[in-house]
Amino acid sequence: MDEMGHVNNAVYLSYYESARIDLFKKCSFTKIPFIMVSAKIDYIKQIHHPSSLVIASRIEKVGKTSFDIKSAIFKDDDKNCSSITTITCVCYDYQNQIKISVPDSIKKLI
């Protein structure tokens, strides 16, 4: 919480990271080599602490070596989201330090 009494904007990225991990777990992904290269967050409504949050996530766009995850945060029983993000991930071979093709398991989610 910040001085204004609401959840600080920096915390949203942690919320979205938790949702991304949950998305991959639900899809039974145990190891997806990627680097997050971009995060665009739109702050629509304030979130005050404490609040009950639900974060919805899905793979939105898949390219040759990258994919986007679209997520939204909903608070309490509000049907309108408080925040929306698009996170771009690039698939990456850490050993060889090069971009790699998006795995078929990710492509199937779109």
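Please treat every number below as a calculation from the coordinates, not as lab data. Predicted model, so just to flag it, every value in this text is computed and none were measured. In this analysis, Cβ positions are derived from the backbone assuming ideal geometry, glycine residues included, and neighbour counts consider all displayed protein chains.
Across the chain, Cα pairs under 8 Å and at least six residues apart give a relative contact order of 27 percent. Here is the list for the range 57-110: trypsin sites (Lys or Arg not before Pro) lying in DSSP coil, each with at most 12 other C-beta atoms within 10 angstrom of its C-beta, are Lys64, Lys79, Lys108. Look at the dipole of the range 8-110 built from charges on Cβ: of Ile106, Ser51, Met36, the Cα furthest out on the positive end belongs to Ile106. Extension gain, Asn8 to Asp76, is 22.7 nm, computed as 0.36 nm per intervening residue step minus the present C-alpha separation. Taking the Cα centre of the chain as origin and assigning +1 to Lys and Arg Cβ atoms and -1 to Asp and Glu Cβ atoms, the resulting dipole is close to 580 debye. Chymotrypsin sites (Phe, Trp or Tyr not before Pro) within the range 16-110: which are DSSP loop residues with at most 10 other Cβ atoms inside 10 Å? Of the chymotrypsin sites (Phe, Trp or Tyr not before Pro), the ones in loops of the range 16-110 whose Cβ has at most 10 other Cβ atoms within 10 Å are Tyr94. Beyond a 20 Å Cα-Cα separation, which of these cross-linked pairs lie in this structure: Lys26/Lys107; Lys75/Lys108; Lys26/Lys70; Lys25/Lys79; Lys25/Lys64; Lys45/Lys70? Result: Lys75/Lys108; Lys25/Lys79; Lys25/Lys64 exceed 20 Å. To test your reading of the geometry: what angle, between 0 and 90 degrees and rounded to tens, separates the Cα axis of helix 9-26 from the longest principal axis of the chain? Rounded to the nearest ten degrees, it is 50. The stretch between Asp42 and Lys61 holds 5.0 nm of extra length on full extension. This uses 0.36 nm per residue minus the Cα-Cα distance. When the alpha carbon gyration tensor of the range 12-106 is reduced to an equivalent ellipsoid, its three semi-axes come out at 28, 13, 11 angstrom, largest first. Taking other C-beta atoms within 10 angstrom as a stand-in for reagent exposure, Ser66, Ser52, Ser18, Ser71 fall in the order Ser52, Ser18, Ser66, Ser71, fewest first.
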